[in-house]
Amino acid sequence: PFVMPTVVVAAAITALIGRQGIVNQWLQTLFQTNTPPIDLLQTIWIILIAHAFYNVSVVIRTVGGFWGALNPRLRQAAAVLGASPPRVFWEITLPLLLPSIIAASLLIFLFCFTSFGVVLILGGLQFTTLEVEIYRQAVSLFNLPVAAFLSLVQMALTFAVMALYTRLQARLSIPLELQPATAVARPPRRHQWYFVGGAVLFLLLVLLGPLMALVWRSFTLGGDGWTLAYYQELTLNRRQSAFFVPPVIAVRNSLFFASATTALSLFLGVVSAYLLARPRGWLSTILDPLFLLPLGVSAVTLGFGYIVAMGPLRTSLILVPIAHTLIAAPFVLRSFLPALRSLDPQLRNAAAVLGAGPIRSWWEVDAPILLRALLVSAIFAFTVSLGEFGATLLISRPDTPTMPVVIFQALSRPGLLNYGQALAMSTILMTVCTVAVLLIERFRLPGTSEF
């Protein structure tokens, strides 16, 4: 769920527990009623559910990955000394996991604090957060001074949380000899299989339930069985629809912007990686946090900054890929830099001794590693651009919407047609993002990526 665009998550939650979601459909059939028993839309509860669904992967990835790499000898030594399993957990395992738990908690707090799409779509303007208020002041009221002040407050609070995260990590970190997960993994015992099976089933239900509901409702919305009507409607622009152009044009726009973003991000990220790959000095000390600065600023704040700073380009198509590049370039850098640093210069020296020139040495020694990292970086940039919503909503033109903007427009308007188109477009975007993640996992070199 964490790699899905926020508009897809919002659409998936409504497809599961919204007024026309699967759960309400089942309950209405069960109790023979025409009124949805569950009405959580534009309440704090659906926002909390969506954020919990969106960020549970952070805990699994952060805490679970660290837990799986803990040396089992620590627990075995405590057990030999007579400690029971609960005592081993409370006195050995939990203190060791504390840094990763705090790290995951602060990351989730930061992601929720800067959340925009989920709050705007599911909560509306009545649940105004800093991000939503910046958007409202800049776009709806055109009160740029207030929007600028709120952006500065948002940036200050975000950097304060990031500083707290770094400081706590340094204080609570315990030097450990971590093991590869494959080295410490052991098959569950007979009685543990029930717990493992139940946990896996529960996680699959929680993580995949909303996404599967999204796909299901995109084909069954309306109650007339399976239909492709809402996918076919994406090619039309009916009068009662919410779009200025046929929704399928948004797919073309997104692909164009994503392609331009990929090219710009690869150039910027690869050049930055070569600058940082040199032996550490004052230049890399300054540039390293500078290149990561966009990750600490919300997309809405970035979009507002472009509105203020890029006056002559406000109506230009190039503004969207420029904004997307600023967001995607850190992902390219952090995917390409570890692979670049992993290159062994002795291999190039050996190739030179054997008579290979610099170009041939690079092509036969460096290229096999770097090309895979470059491909992963390109997929990262392409996917980030496809799903970007906050900045795009502020700077895109009405006649060139992207897929997330079209989904937001459809979810914001009444009518079964608009909602069905939103589900269909969300399913397409979810499929593309899923394929991209699978490709990243396929081509990524183990241990050479920071994401």
Looking at PHE382, is it out of contact with any Leu (no Cβ under 8 Å at 6 or more places or on another chain) and closer than 30 Å to ASN253 by Cβ? yes
Surrounded by 16 or more Cβ atoms within 10 Å (Cβ to Cβ), of a type in the set (S, T, N, Q), farther than 21 Å from ALA11 by Cβ and at pLDDT 85 or above: is that true of THR400 in this structure? yes
Enumerate the helices (runs of 4 or more DSSP H) found wholly within region 319-402, keeping only those where 2 or more residues are closer than 21 Å to VAL432 by Cα, touching a residue at least 40 places away in the same chain (Cβ under 8 Å) and not polar (S, T, N, Q). 319-341, 367-387, 390-395
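Within region 68-108, track down each residue that is assigned to a helix (DSSP H, G or I) and among the hydroxyl-bearing types (Ser, Thr, Tyr). Talk me through it step by step, then tell me what you get.
Let us first name the residues in region 68-108 that are assigned to a helix (DSSP H, G or I), namely 68, 72-80, 85-108.
Within region 68-108, THR93, SER100, SER105 qualify.
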Could you pull out the residue among ILE327, ILE307, ILE322, ILE318 that is under 17 Å from GLU388 (Cα atoms), modelled with pLDDT of 80 or more and surrounded by fewer than 13 Cβ atoms within 10 Å (Cβ to Cβ)? ILE318
Subset of region 374-395 (residues that are touching a Ser or Thr at 6+ places or on another chain (Cβ under 6 Å) and under 20 Å from SER115 (Cβ atoms)): SER385, LEU386, PHE389, THR392
Taking the criterion of being assigned to a helix (DSSP H, G or I) and aliphatic (A, V, I, L, M), would at least one residue in region 36-44 satisfy it? yes
Of the residues in region 56-96, how many are without any contact (Cβ under 8 Å) to a residue 24 or more places away in the chain, aliphatic (A, V, I, L, M) and surrounded by 16 or more Cβ atoms within 10 Å (Cβ to Cβ)? 4
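Residues of region 409-427 being farther than 19 Å from GLY222 by Cβ and either basic (Lys, Arg) or out of contact with any Phe, Trp or Tyr (no Cβ under 8 Å at 6 or more places or on another chain) (or both), which ones?
Selection gives SER412 alone.
Let's see how each residue does on (1) at pLDDT 85 or above; (2) in contact with an Asp or Glu (Cβ under 6 Å, 6 or more places away or on another chain); (3) closer than 30 Å to THR301 by Cα:
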site	(1), (2), (3)
PRO72	no, no, no
VAL80	no, no, no
SER100	no, no, yes
ILE121	yes, no, yes
LEU125	no, no, yes
THR129	yes, no, yes
VAL132	yes, no, yes
SER140	no, no, yes
Assigned to a helix (DSSP H, G or I), under 23 Å from the mean Cα position of the chain (by Cα) and either of a type in the set (Asp, Glu) or over 24 Å from LEU106 (Cβ atoms) (or both): is that true of THR14 in this structure? yes
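The values are calculated or read from the model by the stated rules, or taken from the named source; none is laboratory data. On a predicted model such as this, the values are computed, not experimentally measured, just so you know. With ideal geometry, Cβ positions are generated from the backbone for all residues, glycine too; neighbour counts draw on all protein chains shown.
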